[in-house]
1. Restricting to strands (runs of 3 or more DSSP E) lying wholly in segment 138-202: which have 2 or more residues that are within 21 Å of residue 124 (Cα to Cα)?
2. How about segment 163-179: which of its residues are of a type outside the set (Ser, Thr, Tyr) and in contact with a strand residue (DSSP E or B) (Cβ under 6 Å, 6 or more places away or on another chain)?
3. Restricted to segment 175-200, and to residues that are of a type in the set (D, E, K, R) and over 15 Å from residue 159 (Cβ atoms), which residue is nearest to the chain's Cα centre (by Cα)?
4. Consider residue 99 carefully, then state whether it is assigned by TED's automatic domain parsing to the domain that holds residue 18 and free of Cβ contacts under 8 Å to residues at least 60 places away in the same chain.
5. Mind checking whether some residue in segment 99-114 is farther than 30 Å from residue 63 by Cβ and buried (at least 16 other Cβ atoms within 10 Å of the Cβ)?
6. Condition first: basic (Lys, Arg) and in contact with a Leu (Cβ under 9 Å, 6 or more places away or on another chain). Now tell me which residues in segment 87-142 satisfy that.
7. Select from segment 141-154 the residues that are aliphatic (A, V, I, L, M) and touching a Lys or Arg at 6+ places or on another chain (Cβ under 9 Å) and write down the one among them that is nearest to residue 165 (Cα to Cα).
Amino acid sequence: FTIATGTTSEVRNVLITITLADGSIGYGECAPFTPSTGETQETALSAAQGCADLIKGRDAAHWRSLSKLMRSVYFSQGTAIAGTEMALLDALTRSYSIPLYVFFGGASTSIETDMSIPMVTPERGYELAKETVARGITSIKVKVGGDLRDDVARVEAIREGAPNVGLTLDANQGYTANEALICLEALDNRDIRPMLLEQPVH
């Protein structure tokens, strides 16, 4: 999977389990991605253990203040904090015997997600876009942030393969401000207007 800051061929995540005093168990996951954040499985494991030590024995109902505490100490280890928060909230809502979505307002029993297409050739991008549409997915995130001509050609091919889906672009900090504007202008000239350009610059 290739983005502007690097390529990865496998992932090594971290599973976090939290058990509350009443026996409720919650699960969370850290998904460090070294090319983007500098985090590794080893740093995530270490930070997750540190987060566990920080919150051990505290009231899970105060999850917001516990999250703030973890962020104040492990601010550079976002995946460990996120995974610990997931496990904490999962355990808490299990102890309340309600689903997490109800805890956060209960607006829906389903969510909508997108499909990311990495930095591939236009031909492969077209194929992946067609496959995405066939799966019923209505939003595609396209990885950009490399050579502008390659990026524009990829987005154009993906739009051709998926003419009726929402497109967002993610440059993963690969552009300068001027390059980001050039990319958007080139796409606009082709009647392609992304909903969002995520993280264009460092």
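1. Numbers: elements: 139-143, 166-170, 196-198.
Ranges flagged: 139-143, 166-170.
2. 165, 166, 167, 169, 170, 172
3. Out of the qualifying residues, it is 198.
4. Values: assigned by TED's automatic domain parsing to the domain that holds residue 18: yes; free of Cβ contacts under 8 Å to residues at least 60 places away in the same chain: yes.
In short, yes.
5. Our first condition is that a residue be farther than 30 Å from residue 63 by Cβ; within segment 99-114, this holds for none.
No: zero hits.
6. 94, 141 - these are the residues of segment 87-142 that are basic (Lys, Arg) and in contact with a Leu (Cβ under 9 Å, 6 or more places away or on another chain).
7. Going through the qualifying residues, I end up with 142.
Okay, residues lined up against (1) among the polar types (S, T, N, Q); (2) under 23 Å from residue 146 (Cβ atoms); (3) out of contact with any helix residue (DSSP H, G or I) (no Cβ under 6 Å at 6 or more places or on another chain); (4) assigned to a helix (DSSP H, G or I):
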| position | (1), (2), (3), (4) |
| --- | --- |
| 9 | yes, yes, yes, no |
| 12 | no, no, no, no |
| 17 | yes, no, yes, no |
| 22 | no, no, no, no |
| 26 | no, no, no, no |
| 36 | yes, yes, yes, yes |
| 46 | yes, no, yes, yes |
| 49 | yes, no, yes, yes |
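The values are calculated or read from the model by the stated rules, or taken from the named source; none is laboratory data. Please read these numbers as outputs of a predicted model, since none were measured by experiment. Note: ideal-geometry Cβ built from the backbone for every residue, glycine included; neighbour counts use all protein chains shown.
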